[in-house]
Amino acid sequence: MDMKITDLTITLFKWAIKPWGTGRHNFGGDIQLGVVTVHTDQDLEGHAFLGSPSQGADVFAGPLMARIKPGLIDRNPLDIGAIWQDMWKERRYVSPRAIGAVDVALWDLTGKTAGLPIHRLLGSCKSQVPAYASSSWLPTPEAYGKEALRFKSEGWTAYKTHPHGTPKEDIEICRAIREAVGDDMVLMLDSMWAYSYDEAIRVGRAVEELDYLWYEDPLEEEDIYNYIKLRQKLDIPLMCTEYAPGGLYGMAQWVHQQATDILRGDVAVCGGITPMMRIAHLADAFHMKCELHHGGNSLNNVANLHVTMAIPNCDYYEVFPADGANKYGLIEDIEIDENGMVYAPEGPGLGYEIDWDLVKRDTIQVLK
Ligand SMILES: [Mg+2]
């Protein structure tokens, strides 16, 4: 199909969020969310959201407009693979989050052109997966246990904790959660790069005994050397590449050096749907799982959902924060049903509608 990109705009609008956090990592405040729009010479546009509760779209917009936009004009938006490869060459100057937003908007446009949901174009593998409630920081072990139990009573089958980042407290938190929910709820631990090697072994052995499903990011994200040693000591699967430097190309080393059991990424941190699919396929070729990280805003979460449905090796869908505080800007958002399941989108493109009345009401600036 002959089509041309004629323009790219970013509409910055207000996203006022009650602050929350995961201990050392804080989110919320007066954030600017951005709608990235790819315009064409046909009656079709592609959209994505840019920004998250930790960094608004205004942080990324300048480099995107200066270094990415000029390379898009007059290109066929359906040439996504070629466009992504060119955008990735700018990664030293432009955040992968900005590259990812353009890539998601191009997939949205392609889906709308075909009249199909994106996961259909990628090759659907399934139509539903269980969601897990991913905690924010809570003050006590009891508070974590109580929250996990509440999700269990609402039908959720899995819960992941972001505890306090000190081994003793974190073990207490993990134990309190297991005691609260019993043996039949899937539990995961995300330590968010908090420990030394020795501490990581201590906590890992504790959560193995508590029958946790995976152990996420115990050490710093570039520390392949200690991850290899840690993996040889522990039985619980390690999942370590949420922020692995280099994205898709960095992850080759993690697989080659046997430093992780599960690959991880998302459409924002890794630079779009295109590289996220390739990361999942890299993992699949080694019979490894690839579990997706949340996307930081509602449309990125939708994009992640399409990828989840289009790969054979992702078993769960992350909802962070568990209370749903980062849902914003759509008419209807992703919902988890009474069995704790999330379903494949059915509309063309991303398949979720932007709340344009809200965007127009709270527009700060349109960048052209
Ligand atoms: Mg994580």
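The values are calculated or read from the model by the stated rules, or taken from the named source; none is laboratory data. In this text, all values refer to a predicted model and were calculated from it rather than measured experimentally. When we count neighbours, we look across all protein chains shown, and the Cβ atoms used for this are built from the backbone with ideal geometry, even at glycine.
When ASP43 is tested against (1) at pLDDT below 95; (2) of a type in the set (D, E, K, R); (3) in contact with a Phe, Trp or Tyr (Cβ under 9 Å, 6 or more places away or on another chain), exactly one condition is not met: (3). Entry remark, segment 1-26: residues being touching a residue at least 60 places away in the same chain (Cβ under 8 Å) and either of a type in the set (A, V, I, L, M) or within 30 Å of LEU44 (Cβ to Cβ) (or both) number 16 in total. For segment 139-154, which residues satisfy the criterion of being aliphatic (A, V, I, L, M) and touching a residue at least 24 places away in the same chain (Cβ under 8 Å)? Within segment 139-154, ALA148, LEU149 meet the criteria.
Within segment 218-238, the set of residues being surrounded by 24 or more Cβ atoms within 10 Å (Cβ to Cβ) and either closer than 19 Å to HIS162 by Cβ or hydrophobic (A, V, I, L, M, F, W, C) (or both) comprises PRO218 only.
Residue by residue, here is whether (1) assigned by TED's automatic domain parsing to the domain that holds ARG97; (2) within 28 Å of ARG91 (Cβ to Cβ); (3) hydrophobic (A, V, I, L, M, F, W, C) holds:
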position	(1), (2), (3)
HIS281	no, yes, no
CYS290	no, yes, yes
LEU299	no, yes, yes
VAL302	no, yes, yes
MET309	no, yes, yes
GLU318	no, yes, no
ASP333	no, no, no
GLU338	no, no, no
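When ASN313, ASN326 are screened for being in a loop (DSSP other than H, G, I, E, B) and within 16 Å of the ligand (Cβ to nearest atom), only ASN326 passes. The set of residues in segment 211-252 that are among the β-branched types (Val, Ile, Thr) and either within 16 Å of the ligand (Cβ to nearest atom) or at pLDDT below 95 (or both) comprises ILE236, THR241.
Within segment 96-117, is there a residue that is under 25 Å from PHE13 (Cβ atoms), touching a helix residue (DSSP H, G or I) at 6+ places or on another chain (Cβ under 7 Å), of a type in the set (A, V, I, L, M, F, W, C) and in a loop (DSSP other than H, G, I, E, B)? No; the residues of segment 96-117 include none that is under 25 Å from PHE13 (Cβ atoms), touching a helix residue (DSSP H, G or I) at 6+ places or on another chain (Cβ under 7 Å), of a type in the set (A, V, I, L, M, F, W, C) and in a loop (DSSP other than H, G, I, E, B).
If you filter segment 1-57 down to residues that are touching a helix residue (DSSP H, G or I) at 6+ places or on another chain (Cβ under 8 Å), part of a strand (DSSP E or B) and polar (S, T, N, Q), you find that the one that is farthest from ASP170 (Cα to Cα) is THR40.
Taken over segment 164-189, the criterion of being under 16 Å from GLU208 (Cβ atoms) and not in a helix (DSSP H, G or I) is satisfied by ASP183, VAL186, LEU187, MET188, LEU189. Among the residues of segment 156-166, is any away from the ligand (no atom under 16 Å from the Cβ) and in contact (Cβ under 8 Å) with a residue 40 or more places away in the chain? Taking every residue of segment 156-166 in turn, at least one turns out to be away from the ligand (no atom under 16 Å from the Cβ) and in contact (Cβ under 8 Å) with a residue 40 or more places away in the chain. All conditions in (1) assigned to a loop (DSSP other than H, G, I, E, B); (2) closer than 25 Å to HIS47 by Cβ; (3) outside the structural domain of THR308 (by TED's automatic domain parsing) hold for ARG92, with the sole exception of (2).
Here PHE151 meets each of (1) more than 16 Å from the ligand (Cβ to nearest atom); (2) buried (at least 21 other Cβ atoms within 10 Å of the Cβ); (3) farther than 18 Å from VAL181 by Cβ with one exception, condition (3).
Scan segment 175-198 and tell me whether some residue there is within 16 Å of the ligand (Cβ to nearest atom), under 23 Å from HIS294 (Cβ atoms) and either in the same structural domain as PRO96 (by TED's automatic domain parsing) or among the acidic types (Asp, Glu) (or both). Within segment 175-198, one or more residues are within 16 Å of the ligand (Cβ to nearest atom), under 23 Å from HIS294 (Cβ atoms) and either in the same structural domain as PRO96 (by TED's automatic domain parsing) or among the acidic types (Asp, Glu) (or both).
Annotation: of all residues in segment 283-292 being within 15 Å of the ligand (Cβ to nearest atom) and surrounded by 24 or more Cβ atoms within 10 Å (Cβ to Cβ), the one that is farthest from the chain's Cα centre (by Cα) is CYS290.
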